Protein chains: 2
Amino acid sequence: MVRMTGTKRAILDAAIEIAAERGISGTTMDDVAERAGVAKGSLYYNFASKDKLFEGLLGEGMAALTEALRGARAGTAGWAAIEVLVTTLLGSIAANTALAKVIAGDIFRTDRAWRETSFAFKHDALAEFETAIVEALPEASATGAATLMASSVFGATLMAGLQWLLFDEERPQSEVVAAILLTFSGRLAPASPSREL
Amino acid sequence: MVRMTGTKRAILDAAIEIAAERGISGTTMDDVAERAGVAKGSLYYNFASKDKLFEGLLGEGMAALTEALRGARAGTAGWAAIEVLVTTLLGSIAANTALAKVIAGDIFRTDRAWRETSFAFKHDALAEFETAIVEALPEASATGAATLMASSVFGATLMAGLQWLLFDEERPQSEVVAAILLTFSGRLAPASPSREL
DNA sequence: GTCTATAGTTGGATAGAC
DNA sequence: GTCTATCCAACTATAGAC
């Protein structure tokens, strides 16, 4: 998050809050101006258009998340890397729940002006998970399963994280991390010999 | 899916297709009328409002999915139940990808006219997964982890399923099911003695 | 039951004063 | 750099002919 003038910051904060409630398309510039406590003209002095406003907002948030995941994975590998990636992703969602909601609602849209940015972000974020998965289970790479497994781990963390923050917020974060990792631990599956892909 | 007149069906089909591309808020009644091949007046003869149109559409789809999950789980338990639930959910997403995209983009919105319906659906669908998880790992119930684990399994299947259908559609469905279940199999985690919650 | 035409409102964006 | 006032396009919804 780059430092910026109070007005610009207030506009961005208002925009993400409202978009978390109503989605981006459901957010009007009038509402943003009102919640930010500025006139609508100031929105267009600071941002070229509604699309540009949200493009910047999502781009900034996605870049920060990708960077956090990359930094977290550094120096670890395999299952340990999966543990820190899940922890870091969940922490990012908790620290910026509104942004996480907006991204979650937007991630599979293909009609956005910023779809290239969004696509690249998703690719980079999933690549961190995929790398860790391949380290933990090399044969997943050969069968092409690793990419799908990365989506699975990411999706599990995102949905459990939002479920937690929106409906069960008193629960300590450590318990949520533990529950997600427990899902991947194999304790749901019967203790069995090798399983085919 | 209830049988209905050609016009009503055409309107619903057009609405879900466009909403999958642009989201519900981004879908206009003019666009729906045009794609359905009817005049806009016919939309309002068949549905009271845009909200009622989508409320019915999502309600119908969510009810069908919940029913499919309930039926699939019947007669199984534990890990076997998780396997059929994941398979059934993935099959439903594949059979109705447009609807799945719309639901995925809408599931964490709190401002919708149909939020009660949506909330109840999510609760019922997750309950099927939670039941299976508690059968497979009874201690998850005591710690309160089971609900979060149900969200994890659901989220993993949803995200991997959409990733598959939108970006890797030639892959056979059986491989996708296998990759998701492999994520939960424990083969990512180190072979270890008992793990604390 | 479906159409055309239009009413009424909202929302993105801009002009110009301060 | 921020405000007020306004333009204009797009949208939901309705009226009334057929």
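Taken together, the values in this text are just the output of simple stated rules run on the coordinates, not laboratory data. Computed from a predicted structure; not experimentally measured. All Cβ positions, glycine included, derive from the backbone under ideal geometry; neighbour counts span all protein chains shown.
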| Which of A:Ser42, A:Ser118, A:Ser152 moves most in a GNM of chain A, Cα contacts under 10 Å? | A:Ser42
| Which one of B:Gly78, B:Gly144, B:Gly105 has the biggest mean-square fluctuation once chain B is modelled by GNM with Cα springs under 10 Å? | B:Gly144
| List the aspartates and glutamates whose alpha-carbon lies under 16 Å from that of A:Lys40, not counting same-chain residues fewer than 8 positions away? | A:Asp13, A:Asp30, A:Asp31, A:Asp51
| remark: Rounded to the nearest 10, the angle in degrees between the Cα long axis of helix B:78-95 and the longest principal axis of the Cα atoms of chain B comes to 20 degrees
| remark: Phi angles of the stretch B:32-41, converted by Karplus (6.51 cos²θ - 1.76 cosθ + 1.60, θ = phi - 60°) into ³J(HN,Hα) in whole Hz with x for Gly and Pro, give 4, 4, 4, 5, 6, x, 10, 7, 4, x
| request: Taking chain B as the reference, fit the longest principal axis to its C-alpha atoms, fit the long axis of helix B:145-167 to the helix C-alpha atoms, and give the angle between the two in degrees, 0 to 90, nearest 10. | output: 60 degrees
| message | Explain nothing, just compute: Karplus ³J(HN,Hα) = 6.51 cos²θ - 1.76 cosθ + 1.60, θ = phi - 60°, for every residue of the stretch B:111-126 in order, whole Hz, x for Gly and Pro. | response | 10, 7, 4, 9, 5, 5, 4, 5, 5, 4, 4, 4, 4, 5, 5, 5
| query | For the stretch A:31-160, what is the charge dipole size about the Cα centre, in debye to the nearest 20, if Lys and Arg each add +1 at the Cβ and Asp and Glu each add -1 at the Cβ? | reply | 400 debye
| Averaged across the residues of A:158-167, what count of C-beta atoms belonging to other chains lies within 10 Å of each residue's C-beta? | 6
| said: Please compute the contact order of chain B in relative form: average sequence separation of alpha-carbon pairs under 8 Å and at least six residues apart, divided by the residue count, as a percent. | reply: 21 percent
| remark: Under the Karplus relation with 6.51, -1.76 and 1.60 and θ = phi - 60°, whole-Hz ³J(HN,Hα) for the stretch A:173-182, x at Gly and Pro, equal 4, 4, 5, 5, 4, 4, 5, 5, 5, 4
| note | Beyond 25 Å (Cα-Cα) in this structure, taken from A:Lys122/B:Lys101; A:Lys101/B:Lys122; A:Lys122/B:Lys52; B:Lys52/B:Lys122; A:Lys8/A:Lys50; A:Lys52/B:Lys122, we find A:Lys122/B:Lys52; A:Lys52/B:Lys122
| task | Can you bin the stretch B:103-181 into rounded, prolate or oblate? Criterion: square roots of the alpha carbon gyration tensor eigenvalues sorted a ≥ b ≥ c, rounded for a/c under 1.5, prolate for a/b above b/c, oblate for the rest. | result | oblate
| For helix A:50-73, what angle does its Cα long axis make with the longest principal axis of chain A, in degrees from 0 to 90 and rounded to 10? | 30 degrees
| request: Give the shape of the protein assembly as shown as rounded, prolate or oblate, defined through the alpha-carbon gyration tensor: a ≥ b ≥ c are the square roots of its eigenvalues, a/c under 1.5 means rounded, and otherwise the shape is prolate if a/b is larger than b/c and oblate if not. | output: oblate
| task | Could you please rank B:Ile16, A:Ile180, placing first whichever residue has the fewest other Cβ atoms within 10 Å of its Cβ? | result | B:Ile16, A:Ile180
| What residue among A:Asp111, A:Asp51, A:Asp31 has the largest mean-square fluctuation in a Gaussian network model of chain A, using Cα springs under 10 Å? | A:Asp111
| Given charges of +1 on the Cβ of Lys and Arg and -1 on the Cβ of Asp and Glu, with all other atoms neutral, how large is the dipole of the protein assembly as shown about its Cα centre, in debye to the nearest 20? | 540 debye
| task | Name the long-range amide H neighbours of A:Gly186: under 5 Å, sequence gap of 5 or more, or other chain; modelled H, no Pro or chain starts. | result | B:Gly186
| note | Partner shielding of B:136-149, taken as the mean number of other chain Cβ atoms within 10 Å, equals 5
| query | Counting each DSSP H run of 4 or more residues in chain A as -39500 (n - 2.57), what helix-only mean residue ellipticity at 222 nm follows after dividing by all residues, to the nearest 500 deg cm²/dmol? | reply | -24000 deg cm²/dmol
